[in-house]
Amino acid sequence: MIGVSVLGSTGSIGVSTLDVIGRHPGRYRVVALTAHSDVEGMLAQCRRFRPDLAVMADPGAAARLRESLQAEEMAAIEVDQGVDGLERAATLDQAGTVMAAIVGAAGLLPTLAAARAGKRLLLANKETLVMAGPLFMAEVAAHGATLLPIDSEHNAVFQCLPAGFREGLERVGVSRILLTASGGPFRELPLEALAVVTPEQACAHPNWEMGRKISVDSATMMNKGLEVIEACWLFATGPERIQVVIHPQSTVHSLVQYVDGSVLAELGNPDMRTPIAQALAWPERVSSGVADLDLFAVGRLDFECPDLERFPALDLAFAAARAGGTAPAVLNAANEVAVAAFLERRIRFTSIPEVVAATLEGMDSEAVGDLDALLDVDRRARERAIREAQKRPL
Ligand code: NAD
Ligand code: MG
C-alpha cells in the first residue's frame with residue numbers, strides 16, 4: 001500500500017486526487033488530509049478515507065473538526081492545526097507520496113517540508129516554484145525527493161520527454177517547449193469590455209473547473225506566465241526555449257519540439273484526474289475515471305499566437321523570468337494581492353496587471369538569499385502591491 005498525504009484536500013485538485021485514490025483502494029491509503037477552514041468538507045473526507053491525521057490551517061476550524069470527529073466516533077483521527085500541522089502532514093513517515101495542492105504562497109512551507117523529507121512529491125502548487133525556485137530545487141536534489149508535475153501542461157511535457165530526463169534539454173535533442181493555453185473566458189471579448197468584467201465572469205472558465213485564484217489567473221493569462229517560470233525550473237531551461245500557444249479546445253495539453261522536426265504532444269480531455277493519476281502511478285498507469293478522448297466530438301484543434309495587449313500579465317511574467325533573482329517572487333506576491341482585491345471587488349480586472357507591473361517597477365530584482373530573505377521579499381512586495389491596489393479603487 002502506498003501512503004498518500006493530500007495537502008489542500010478540500011480544493012479542486014484535492015478533491016480530484018481523492019477521486020482517483022478512491023478508485024484504487026487496494027493500492028493507495030490516505031494518511032493525512034489538510035485544509036484551510038472548510039470543516040464540513042474535511043469531515044466528509046474523513047468519513048470516507050479515515051486518515052491518521054487531519055489538519056486545519058485555521059485553529060478555530062481545527063477545534064470544530066475535533067468536536068465533530070469525536071461526536072461521530074472518529075476520535076482515532078488526530079487533528080492538528082497551523083503551519084506546524086501542515087508541515088507534519090507533509091512529512092509523516094507513513095506517507096511516501098505527498099500531493100502539494102494548497103493554493104498560493106501558503107503552500108510554500110509545507111511543500112518545502114515534503115521536499116526536505118525526500119518524498120515523492122506531486123506538485124500542483126506552482127506558486128512554490130515561482131516564489132522559491134532555486135531554494136526548492138536545491139532541497140529536492142539534496143534530499144532525493146522525486147518531483148512529479150501535476151499542472152496539466154508540465155505533466156504533458158514530462159510525458160513527452162525521454163524517460164528518466166533530469167536536465168539538459170539540448171542533450172536529449174529538445175529545441176523548444178510549447179505550452180498550450182486556452183486563453184480563458186475573455187479571449188474574444190472586445191478589449192474595452194475587459195475593464196468591467198466581474199469575478200463571476202472571470203471564474204467561469206470555458207474548459208476547466210478550478211479554484212477561484214487560478215481561474216482569475218487563467219483569465220489574465222498570468223497563470224500561463226507562472227507556468228513559464230514553473231517550466232524553467234522543472235525542466236532546467238530558460239524562458240527563451242518556451243513558447244506559449246493559445247489552443248482554445250484544451251485538448252493538446254502541451255508539446256515538445258525536437259531538433260529533427262518531431263513534435264510530441266500529450267492529448268486528452270481537460271480533466272485534472274489524468275495528470276494526477278499519471279503522477280500517482282508513475283512509471284505505471286492506473287485508471288483515472290476520465291472518459292476516453294472522442295476526437296470526432298472534438299472535431300478540430302485551433303492554435304493562435306497570444307495577444308499581449310489583451311494579456312499584459314503574460315509579458316510581465318516573461319520579463320520576470322528573464323530578470324530572474326527575486327523578480328518572480330515579487331510577481332507572484334503582487335499577483336496574489338491583486339487577484340484577491342479583484343475577487344473582493346476592490347479593483348477592476350484590468351488593474352490586476354497594473355498592480356503587478358507597478359510593484360515590479362518599485363522593487364529591483366536581487367539574488368535569492370535564504371528562506372527568511374525570500375519571505376521578507378514576499379512581505380515587502382505584498383505591502384507595496386496593497387498600496388498600488390489602493391491607488392486604483394473600483
Ligand atoms: P482551491 O482554491 O480549489 O483549493 C485550495 C486548497 O488549499 C483548499 O483545500 C484550501 O482549504 C487550501 N488552502 C487555501 N488557503 C490555505 C492556507 N492559507 N493554508 C492552508 N491551506 C489553504 O485551489 P485549486 O484550484 O485546487 O489549486 C490548488 C493549486 O493547484 C494551486 O497552486 C493551483 O495553481 C494549482 N493548479 C490547479 C489546477 C486546477 O485545475 N484546479 C490546475 C493546475 C494547477
Ligand atoms: Mg496549467
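In this structure, is G289 under 22 Å from E209 (Cα atoms) and among the small types (G, A, S)?
When the stated conditions are applied, G289 passes them.
Out of region 169-205, which residues are of a type in the set (V, I, T) and assigned to a loop (DSSP other than H, G, I, E, B)?
V172, V197, T198 - these are the residues of region 169-205 that are of a type in the set (V, I, T) and assigned to a loop (DSSP other than H, G, I, E, B).
Each row is one residue, and each column tells you yes or no for (1) over 23 Å from T274 (Cα atoms); (2) under 23 Å from the mean Cα position of the chain (by Cα).
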site: I13; (1), (2): no, yes
site: A35; (1), (2): no, yes
site: F49; (1), (2): no, no
site: A57; (1), (2): yes, yes
site: A62; (1), (2): yes, no
Exercise. With respect to the numbered conditions (1) within 24 Å of P270 (Cα to Cα); (2) in a helix (DSSP H, G or I); (3) in contact with a helix residue (DSSP H, G or I) (Cβ under 6 Å, 6 or more places away or on another chain); (4) away from ligand 2 (no atom under 16 Å from the Cβ), which one is the sole condition not fulfilled by V6?
Worked result: (2)
Seminar exercise, completed: When (1) surrounded by 23 or more Cβ atoms within 10 Å (Cβ to Cβ); (2) more than 15 Å from A381 (Cβ to Cβ) are applied to F318, the one that fails is (1)
For this session: Could you list, in sequence order, all residues of region 156-180 that are within 15 Å of ligand 1 (Cβ to nearest atom) and touching a Ser or Thr at 6+ places or on another chain (Cβ under 8 Å)?
Result: A156, V157, L179, T180
For this session: Tell me which residues, restricted to region 185-218, are under 16 Å from the mean Cα position of the chain (by Cα) and away from ligand 1 (no atom under 13 Å from the Cβ).
Result: none
For this session: State the number of residues belonging to region 64-79 that are crowded, with 19+ Cβ neighbours inside 10 Å and within 16 Å of ligand 1 (Cβ to nearest atom).
Result: 2
For this session: All but one of (1) touching a helix residue (DSSP H, G or I) at 6+ places or on another chain (Cβ under 9 Å); (2) surrounded by 19 or more Cβ atoms within 10 Å (Cβ to Cβ); (3) of a type in the set (D, E, K, R) hold for D38, so report the exception by its number.
Result: (2)
Problem set entry | Filter result for the condition that a residue is at positive phi and either touching a residue at least 60 places away in the same chain (Cβ under 8 Å) or of a type in the set (V, I, T) (or both), over G96, G104, G82 | G104
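Among the residues of region 217-261 satisfying the criterion of being small (G, A, S) and within 26 Å of G104 (Cβ to Cβ), which is surrounded by the fewest Cβ atoms within 10 Å (Cβ to Cβ)? Spell out the reasoning first.
Of the residues in region 217-261, the ones small (G, A, S) are 218-219, 225, 231, 236, 238, 250, 254, 261.
Filter again for within 26 Å of G104 (Cβ to Cβ), leaving 218-219, 225, 231, 236, 238, 250, 254.
Numbers: S218: 24, A219: 29, G225: 32, A231: 25, A236: 13, G238: 11, S250: 20, S254: 29.
Going through the qualifying residues, I end up with G238.
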Problem set entry | Search result, residues across region 219-239 that are touching a helix residue (DSSP H, G or I) at 6+ places or on another chain (Cβ under 8 Å) and away from ligand 1 (no atom under 14 Å from the Cβ) | C232, W233, F235, T237, G238, P239
For this session: Considering each residue of region 97-128, count those that are near ligand 1 (Cβ under 10 Å from one of its atoms) and assigned to a helix (DSSP H, G or I), and give that number.
Result: 10
Problem set entry | Filter result (of a type in the set (S, T, N, Q) and part of a helix (DSSP H, G or I)) within region 78-96 | T91
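Go through the residues of region 184-194 one by one and say whether even a single one is at pLDDT 95 or above, within 13 Å of ligand 2 (Cβ to nearest atom) and crowded, with 17+ Cβ neighbours inside 10 Å.
Yes: region 184-194 contains one or more residues that are at pLDDT 95 or above, within 13 Å of ligand 2 (Cβ to nearest atom) and crowded, with 17+ Cβ neighbours inside 10 Å.
Each row is one residue, and each column tells you yes or no for (1) buried (at least 17 other Cβ atoms within 10 Å of the Cβ); (2) over 24 Å from L189 (Cβ atoms); (3) of a type in the set (A, V, I, L, M); (4) touching a residue at least 40 places away in the same chain (Cβ under 8 Å).
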position	(1), (2), (3), (4)
V263	no, yes, yes, yes
R273	yes, yes, no, yes
V286	no, yes, yes, yes
D292	no, yes, no, no
D302	no, no, no, yes
F311	yes, no, no, yes
Problem set entry | Residue among M210, M221, M137 that is at pLDDT 95 or above and within 12 Å of ligand 2 (Cβ to nearest atom) | M221
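The values are calculated or read from the model by the stated rules, or taken from the named source; none is laboratory data. Only a predicted model underlies this, so the values are computations on that prediction, with no experimental measurement involved. Here the Cβ is made from the backbone with ideal geometry for all residues, glycine too, and neighbour counts use every protein chain on show.
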